[in-house]
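Remarks on the structure that follows.
Readers should treat all values here as calculations from the given coordinates under stated rules, not as data from a laboratory. In this text, all values refer to a predicted model and were calculated from it rather than measured experimentally.
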Amino acid sequence: MLRTPWSAIFFRPKEVLLQMVGASPEQGLWPLSWIYGSFLVVGLAQVWFLGEHVSWLEILLSILIVAPGIGFIYLHILSALVFILGKLVGGDASFRAIRTVLAWAGVPLLFNLAIWLVMIIALRDRALGAPTLSTMSWPGEWIWAMIALLRVVFAVWSFVLKIYGVKLVQQFGAWRGLLSVIGAELVLVLAVSFLFMSYS
């Protein structure tokens, strides 16, 4: 039994994911939902330049208050889509197993979120506003490049864990795992884009 799945997921992902699926499918569900929800809130705030319209404090409060619910809904919709697509390509894992591995695949996003929180506290409204010379000059272009690189690394790490986890519980090849996850994410992106265009 792993005592610290939150850290072991980085070094022994197979062992952690199988343990969570087999013995503790509900463990960490709400904290993991909060990670996903916070990542989505900050991501949407950046895409829509919400720093131009709302204060940094309101964004932080959104991360604390509404992020768990948003992440919970996102995680269940994503899991349902991956479950359906997995069935179409020959998978036999349960919905709960898929939800569990997708939830734990979000752990690397915690580091991504920490980077964003530091940026929001340091830059406040400018962190999620439209890029300007003042924001790009602090703390230096090369540091901005490193920050962007780190965010990409943790996001890719999480994505790879999703594919690996789905492949593991579905007991099929990496390509079908990739197809299931990308297909589900694409459906979600298209749905959100459609809603945004409908109400903008």
Once phi is turned into θ = phi - 60°, what whole-Hz ³J(HN,Hα) does the Karplus curve with 6.51, -1.76 and 1.60 give for every residue of the range 175-183, x standing for Gly and Pro?
5, 6, x, 4, 4, 5, 6, 5, x
From phi via Karplus (6.51, -1.76, 1.60), per-residue ³J(HN,Hα) for the range 89-96 in Hz, x at Gly/Pro
10, x, x, 9, 6, 7, 4, 4
